[in-house]
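Chemist: Next up is a structure, given as structure tokens.
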Amino acid sequence: MQAASPKASQKRPFGPNYAFVVAGAIFLALMAAAALRAAPGVLILPLEKAFGWNRGAISMAAGVGIFLYGLTGPFAAALMQSFGLRKTVTLALLLMAVSTGLSVFMTASWQYVATWGVMAGFGSGAVAMVLGATVVNRWFVARRGLMLGLLTASTATGSLIFLPGMALIVEHGGWKPVVVTISIACLVLAPLVWLLIPERPSDIGLKPYGAPDDYEAPAPLHGGSALSFALGALGRAAKTRTFWLLFLGFFICGLTTNGLVGVHMIAFCGDRGMPEVRAAGLLALMGLFDLFGTTASGWLTDRYDSRKLLFVYYTLRGLSLIYLPFSDFSVVSLSVFAAFYGLDWIATVPPTARLATEAFGERDGPVVFGWIGAGHQLGAATAAIGAGVIRASQGQYVEAFLIAGTAGLLAGVASLMIRRATPRPVLA
């Protein structure tokens, strides 16, 4: 690889620090996708009132969307390496804008599934955790754990910025202004991503941040190999115990966060007599604390055994979910739960990504992490649909929270069973 020329490095501002500009643009894209995936939790009650759909039917759209969000991840990661990261993310944002915008005209529950479930699921799946892992591996060598923690925290920031506002909009204007807001946000971000993100550091005469002088980037994949690479990486990883333990942990991670709390917390609070705006404020509080918790987790991942970190995160999460249905649901107890749970919301991502990279290497690592992320969204879809069915049949959410809490304890034990691999040399 030829050394970067000074002239080439002047094509973008900030010189070698342009990696942080790329990370900032990706942070905004991830935040928009997080807001889209969080919106169904706000829409449950207004859609129920507007159309008379039962909660199980409404939850189906959220479940399908979450499942496809995860299933798309590994293929999107491979597509970013062959078709191009910038093209993939830009087209995904446009698909998110179109799908949510079309839902304004829906009159039947299957149309909600088609737009927010299928179309938005595929679109947001390309703007997910695998995007953060791909960008960090491509643009950073130093501070990878910290930067992945920051990018992962964008999902919390998306909830923090949008959820209370969406709940307020619903209270005064119904559900349609909410979907229009999400659509416009995605539409605005698409050209921004196209303009700010070069395909690779070498395209602007740079090396990844913190790369040594003798660094050489791996050759990009050929266009026709994205599908075979994604499936090949899965085949290689699936032969290992580490993959299945990480997959199980992330399945339970999704079950206990996006699927249960993310989708049903506002409705659960509504069952206990709490107004939607206040309940959305609790989720926003979780988002605020998760911004710090996930960033701190990235810092800790650079320094401590990732398996032990996962054990602590999952165990504390399980205990808190078992406690919640039996709390007095006062402002104080809910605020304490929101702060505690927020710190732990997706703090699991940096140590999980670290273990995947150590076990499967720099090239396979992001794609394998995408498959593990598919487990996260499969778990989330299971909880989104399952909790809705439990609520419809039992008239309460208690059983759903107890099941999720017990699963969290299981994930903590499984994390300690992972065999720590020797870190592989950095290739990208």
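The values are calculated or read from the model by the stated rules, or taken from the named source; none is laboratory data. Because the structure is predicted, anything quoted here is derived from the model rather than measured. Virtual Cβ from ideal backbone geometry, glycine too; neighbours counted across all protein chains shown. When the accessible area is computed, the model is the full protein with side chains, heavy atoms only, and any ligands, DNA or RNA have been set aside. Shrake-Rupley method; radii C 1.70, N 1.55, O 1.52, S 1.80 Å.
Chemist: Per-residue ellipticity at 222 nm for the chain, helices alone: DSSP H runs ≥ 4 residues times -39500 (n - 2.57), over residue total, nearest 500 deg cm²/dmol? Walk me through the intermediate numbers first.
Modeler: Numbers: 18 runs with 310 residues, N = 428.
Only helices count here, giving -24500 deg cm²/dmol.
Chemist: Enumerate the amide H contacts of TYR209 below 5 Å, restricted to partners 5 or more residues apart or on another chain; note that Pro and chain-start residues carry no placed amide H.
Modeler: Amide H neighbours of TYR209, under 5 Å, 5+ apart: PHE140, VAL141.
Chemist: Here's something else I'd like to know. Could you check which residue among VAL261, VAL98, VAL349 shows the biggest mean-square fluctuation in a GNM of the chain with a 10 Å Cα cutoff?
Modeler: VAL98
Chemist: Can you give me the C-alpha center-to-center distance between the stretch 175-205 and the stretch 367-404, rounded to a whole angstrom?
Modeler: With the stretch 175-205 and the stretch 367-404 each reduced to a Cα centre, they are spaced 30 Å.
Chemist: Under 23 Å between alpha carbons: how many lysine pairs meet that in the chain, if sequence neighbours fewer than 8 apart on the same chain are excluded?
Modeler: Qualifying lysine pairs in the chain: 5.
Chemist: How much area per residue is accessible in the chain when the probe is 1.4 Å and only protein heavy atoms are counted (Å²)?
Modeler: That works out to 38 Å² per residue.
Chemist: At 7 Å along the Cα-to-beta-carbon direction for both VAL118 and ASP213, put a label point, then send me their distance in nm to one decimal.
Modeler: Calculated label separation equals 5.7 nm.
Chemist: Go ahead and run the numbers for FRET between ARG278 and VAL336, Cβ-Cβ distance against an R0 of 25 Å, rounding to 0.05. Walk me through the intermediate numbers first.
Modeler: On the way: r = 15 Å, r/R0 = 0.62.
Plugging the Cβ-Cβ distance into 1/(1 + (r/R0)^6) gives 0.95.
Chemist: Sticking with this one: Of the candidates TYR341, TYR313, TYR304, which one comes out as most mobile in a Gaussian network treatment of the chain with C-alpha springs shorter than 10 Å?
Modeler: Looking only at TYR341, TYR313, TYR304, the biggest GNM fluctuation is shown by TYR304.
Chemist: At a 10 angstrom cut-off on C-beta neighbours, averaged per residue, how do the peptides 383-389, 351-357 rank from highest to lowest?
Modeler: Values: 383-389: 24.6, 351-357: 27.7.
Highest to lowest by the protection proxy: 351-357, 383-389.
Chemist: Kindly state, to the nearest 0.05, the FRET efficiency for TRP194 paired with PHE329, given R0 = 45 Å and r defined as their beta-carbon distance. Display every interim value, and only then the final one.
Modeler: On the way: r = 46 Å, r/R0 = 1.03.
The formula returns an efficiency of 0.45 here.
Chemist: Now for a different question. For a quick check, take a GNM of the chain with Cα springs below 10 Å and name the residue from ILE346, ILE66, ILE161 with the largest mean-square fluctuation.
Modeler: ILE161
Chemist: Measure off, as a whole percent, the carbon and sulfur share of the 1.4 Å-probe accessible area of the chain, all protein chains present.
Modeler: Numbers: 11200 of 16270 Å².
For the chain, the apolar C and S fraction of the accessible surface comes to 69 percent.
Chemist: Here's something else I'd like to know. Considering the zone a paramagnetic label at VAL180 would reach in this model (a point 7 Å from Cα along the Cα-to-Cβ line), which residues of the stretch 84-112 have amide N under 11 Å from it?
Modeler: Residues 104 qualify, since their backbone N sits under 11 Å from the label point.
Chemist: Using only the alpha-carbon atoms, what does the chain span along each of its principal axes? Please give whole angstrom values in decreasing order.
Modeler: Rounded to whole Å, the extents work out to 65, 46, 38 Å.
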